[in-house]
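Working notes, beginning with the structure itself.
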Amino acid sequence: MFSLLLIGEKPYVIGHRGARGHAPENTLAAFRQGVLLGADLLECDVRFSHDWQLVVIHDETVDRTTDGSGKVSDMTLAELQALDAGMGEHVPALAELLDWINWQKTPGIVIEIKNESHVRHGIGMAVARAVQAHELIERAIVISFDQQVLVEAKKYCQQIATGVLYDSELADPVATAQMVQANSLWPAKEILTAEVVIAAHAAHLGVFTWTVNSPDELQRAIVTGVDGIGTDFPEVLRRLLSASPE
């Protein structure tokens, strides 16, 4: 089991969409690369397919990341998995990724729920159920910009760790997290501050940031005391942490 709160420790290295800088994002190849490059946690994006299967893909459409075209929510899991997601990789089902995570001693998994609330409901519960079914409650964090899906996940499984994603200033980030019973805050790198980290830690919340790639930006994030950093290049962050004084 990992702790969400690492005050006084080096931050978690979070492989963004696996290791997007080295392999097609959100594919098993990217997740394998993330492990090889030193990620403590792997981050993925999840949506519903047309047949209500949880699939690992970022965009509403398959156009950017596969050789296909169309909305994810209009395609079945079988249709999505017939597409080439790059380098011969396919679009994984979340269950497939969680099965693979189960075989690894590390890392943990961060699941970002991408929700089209006007089309689908129940995705927060479905993700929590999948994590629970794979016995990964102690190694998973469920995050989203959509706070209602976090509430839904917690309602299904109180023990699941959740996090509030945000990319614009919140009037009171800590109060926002507490309102939805989240365990962590996930500010974009542009709005991450040491003050947010201090306030969150005082409230026993973790703080994680994203997507940080250059050495200078990574170093600026490190000095805030943040608990984890999402990056397309896990090896760069791992190298910086290894070189830092204890």
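No lab work stands behind these numbers, since they all come straight from the coordinates. Computed from a predicted structure; not experimentally measured. Cβ atoms come from the backbone with ideal geometry, glycine included; neighbour counts cover every protein chain shown.
Just one of the numbered conditions (1) touching a residue at least 24 places away in the same chain (Cβ under 8 Å); (2) out of contact with any strand residue (DSSP E or B) (no Cβ under 7 Å at 6 or more places or on another chain) is not true of ASP67: (1).
Run down VAL226, VAL196, VAL212 and say which single residue is surrounded by 15 or more Cβ atoms within 10 Å (Cβ to Cβ), out of contact with any Ser or Thr (no Cβ under 6 Å at 6 or more places or on another chain) and among the aliphatic types (A, V, I, L, M). Of VAL226, VAL196, VAL212, the one residue that is surrounded by 15 or more Cβ atoms within 10 Å (Cβ to Cβ), out of contact with any Ser or Thr (no Cβ under 6 Å at 6 or more places or on another chain) and among the aliphatic types (A, V, I, L, M) is VAL196.
If you go through the range 230-239 one residue at a time, do you hit one that is without any contact (Cβ under 8 Å) to a residue 40 or more places away in the chain and assigned to a helix (DSSP H, G or I)? Checked against the condition, which is being without any contact (Cβ under 8 Å) to a residue 40 or more places away in the chain and assigned to a helix (DSSP H, G or I), the range 230-239 yields at least one hit. Taking the criterion of being among the polar types (S, T, N, Q) and surrounded by fewer than 23 Cβ atoms within 10 Å (Cβ to Cβ), the residues of the range 141-183 that qualify are GLN147, GLN148, GLN158, GLN159, SER168, THR176, GLN178, GLN181, ASN183. Residues that are surrounded by fewer than 16 Cβ atoms within 10 Å (Cβ to Cβ) and either in contact (Cβ under 8 Å) with a residue 60 or more places away in the chain or of a type in the set (Asp, Glu) (or both) within the range 199-209 comprise just one, HIS204. What are the residues in the range 85-128 that are acidic (Asp, Glu) and either in contact with a strand residue (DSSP E or B) (Cβ under 9 Å, 6 or more places away or on another chain) or closer than 20 Å to ASP51 by Cβ (or both), if any? Answer for the range 85-128, where residues must be acidic (Asp, Glu) and either in contact with a strand residue (DSSP E or B) (Cβ under 9 Å, 6 or more places away or on another chain) or closer than 20 Å to ASP51 by Cβ (or both): GLU96, ASP99, GLU112, GLU116. Among the residues of the range 78-118, how many are in contact with a Lys or Arg (Cβ under 6 Å, 6 or more places away or on another chain), in a loop (DSSP other than H, G, I, E, B) and surrounded by 21 or more Cβ atoms within 10 Å (Cβ to Cβ)? Qualifying residue count for the region: 0. Pairing residues of the range 94-106 that are in contact (Cβ under 8 Å) with a residue 40 or more places away in the chain and at negative phi with residues that are of a type in the set (Asp, Glu) and surrounded by 16 or more Cβ atoms within 10 Å (Cβ to Cβ), at Cβ distances under 8 Å and at least 6 apart in sequence or on separate chains, gives THR106/ASP40. Given the structure, is MET75 surrounded by fewer than 19 Cβ atoms within 10 Å (Cβ to Cβ) and not charged (D, E, K, R)? Judged against the criteria, MET75 is not a match.
Once the range 119-129 is narrowed to residues that are of a type outside the set (Val, Ile, Thr) and crowded, with 20+ Cβ neighbours inside 10 Å, the residue that is farthest from THR211 (Cα to Cα) is ALA126.
When the range 161-189 is limited to residues that are within 17 Å of ALA202 (Cα to Cα) and part of a helix (DSSP H, G or I), the one that is nearest to the chain's Cα centre (by Cα) turns out to be ALA177. Inside the range 106-154, can you point out the residues that are over 26 Å from PRO173 (Cβ atoms) and of a type in the set (A, V, I, L, M, F, W, C)? Answer for the range 106-154, where residues must be over 26 Å from PRO173 (Cβ atoms) and of a type in the set (A, V, I, L, M, F, W, C): VAL119, ALA126, ALA130, ALA133, LEU136. I'm checking my understanding of the structure. Among residues of the range 17-54 that are in a strand (DSSP E or B) and in contact with a Pro (Cβ under 7 Å, 6 or more places away or on another chain), which one is surrounded by the fewest Cβ atoms within 10 Å (Cβ to Cβ)? Among residues in the range 17-54 that are in a strand (DSSP E or B) and in contact with a Pro (Cβ under 7 Å, 6 or more places away or on another chain), the one surrounded by the fewest Cβ atoms within 10 Å (Cβ to Cβ) is LEU41.
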